[in-house]
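Undergrad: Mind looking over this structure? Questions follow.
Each reported figure results from applying straightforward, stated rules to the coordinates on display, with no laboratory input. Since this is a predicted model, take the numbers as computed values, not measurements. Reconstructed Cβ throughout: ideal geometry from the backbone, glycine too, with neighbour counts over all protein chains shown.
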Amino acid sequence: MATQSEMVLEQAILAMLGACIDLGYDVDKLAKKAQVLVMDNSKYNYVEQPLPSTPHEAIERALSTVKSAPRI
């Protein structure tokens, strides 16, 4: 059984991907790029503590982290 934190993060990911689909983005291409960023230990590979308690908070934190990441 998934923990509360796992369910919060999964719901946030599903909502973000659903929004991408609704906006017409290529989610397959998006998912591949995200997997590469995780595997390459990119500038976006960062997790705050404590974990977010709601999907909304998870999305807000992720957005803030990505927006503040240095541009290459």
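Undergrad: So if I take the centroid of the Cα atoms in region 1-50 and the same for region 55-71, what is the distance between those two points in Å?
TA: What the calculation gives is 11 Å, centre to centre.
Undergrad: Pop a pseudo-label 7 angstrom from the Cα along the beta-carbon direction at both K29 and Y44 and give the gap in nm to one decimal.
TA: 1.4
Undergrad: What list of ³J(HN,Hα) couplings, whole Hz, do you get for region 46-53 from phi and the Karplus terms 6.51, -1.76, 1.60, once you set θ to phi - 60° and write x for glycine and proline?
TA: Calculated HN-Hα couplings, in order: 8, 10, 8, 10, x, 5, x, 9 Hz.
Undergrad: Over the Cα atoms, compute the radius of gyration (one decimal) and Dmax (the largest Cα-Cα distance, rounded to a whole number) for the chain, in Å.
TA: 12.8, 40
Undergrad: Grab the other residues whose beta carbon is less than 15 angstrom from that of L9, score K and R as +1, D and E as -1, and report the net.
TA: After counting each charged neighbour, the total is -4.
Undergrad: Averaging sequence separations of C-alpha pairs under 8 Å and six or more residues apart, then dividing by the length of the chain, give the relative contact order as a whole percent.
TA: Relative contact order for the chain comes out at 43 percent.
Undergrad: If packing is taken as the mean number of other Cβ atoms within 10 Å per residue, what is the order of 41-53, 4-16, highest first?
TA: Output ranking for 41-53, 4-16: 4-16, 41-53.
Undergrad: Hey, another quick one. Placing +1 at every Lys and Arg Cβ and -1 at every Asp and Glu Cβ, with all other atoms neutral, what dipole size does the chain have around its Cα centre, in debye to the nearest 20?
TA: 360
Undergrad: For the chain, what is the mean residue ellipticity at 222 nm derived from helices alone (per DSSP H run of n ≥ 4: -39500 (n - 2.57); sum divided by total residues; nearest 500 deg cm²/dmol)?
TA: Dividing the helical sum by the residues of the chain leaves -21000 deg cm²/dmol.
Undergrad: When ranked by the protection proxy of mean other Cβ atoms within 10 Å per residue, highest first, what sequence do the peptides 22-34, 54-66 form?
TA: 54-66, 22-34
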